[in-house]
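**Q** Structure in structure tokens, see below.
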Amino acid sequence: MVITTFIIVVLRYAFDLGWVALQESVTYMHAIIFMMGAAYTLKHDGHVRVDIFYQRCSDKTKAWIDCLGTLLLLMPVTGFIIWSSWDYVSDSWSIKESSRNSGGLPGVYLLKTTIIIMAVLLILQSIALFLQNLLTALNVTGEGNG
């Protein structure tokens, strides 16, 4: 993405050339990085968290908080994302939507599909995290008494 952006800048300012498709490709890459990286970031606890009280809790309490957060916040939100974007994505697929700009990239419908893929990946990752936290909360792993 950085190299493509560099090429766009060089072509524009050094050679007075530009292609809409090349510029849109940066937007596509940026969107894909964020959409496909959300579940990975969740797995590695990289999302922003306000942990004024959380940081002082025991591992067992943190696990219960994370279980509740997954069930009451993450799962409903990802379900809502799928539900609310389904028609948006399917309408795009029905017309094989492409760029509105002349010379733009085709396959906007593929890019829009990443919305649903992101939500599904988040659900799968949240199930894994929920089970991991539930084992910790119930102290099934046999580690310490928390």
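What follows is calculated from the coordinates using simple rules that are stated; it is not laboratory data. The shown structure was predicted, so the numbers you read here are calculated from the model rather than taken from an experiment. Cβ placement follows ideal geometry from the backbone for every residue including glycine, while neighbour counts extend to all protein chains displayed.
**Q** Could you tell me the calculated FRET efficiency between Thr4 and Leu73, based on Cβ-Cβ distance and R0 = 41 angstrom, to the nearest 0.05?
**A** It comes to 0.70.
**Q** Another question, then. Of all the Cα-Cα pairs you can form in the chain, what percent are over 21 Å apart?
**A** Tail of the P(r) past 21 Å holds 59 percent of the pairs.
**Q** Per 0.36 nm of contour for each residue apart, how much would the distance between Asn101 and Asp45 grow if the chain were fully extended, relative to their Cα-Cα spacing?
**A** Gain on extension, Asn101 to Asp45, equals 16.3 nm.
**Q** Taking other Cβ within 10 Å of each residue's Cβ, how do Arg12, Arg56 sort, fewest first?
**A** Listing Arg12, Arg56 from fewest to most nearby Cβ atoms yields Arg56, Arg12.
**Q** Pairing the Cα long axis of helix 75-94 with the longest principal axis of the chain, what angle in degrees results, from 0 to 90 and rounded to the nearest 10?
**A** Between the helix axis and the principal axis of the chain, the angle is about 20 degrees.
**Q** Sorting Lys60, Lys96 on the 10 Å Cβ count, fewest up front, what's the list?
**A** Lys96, Lys60
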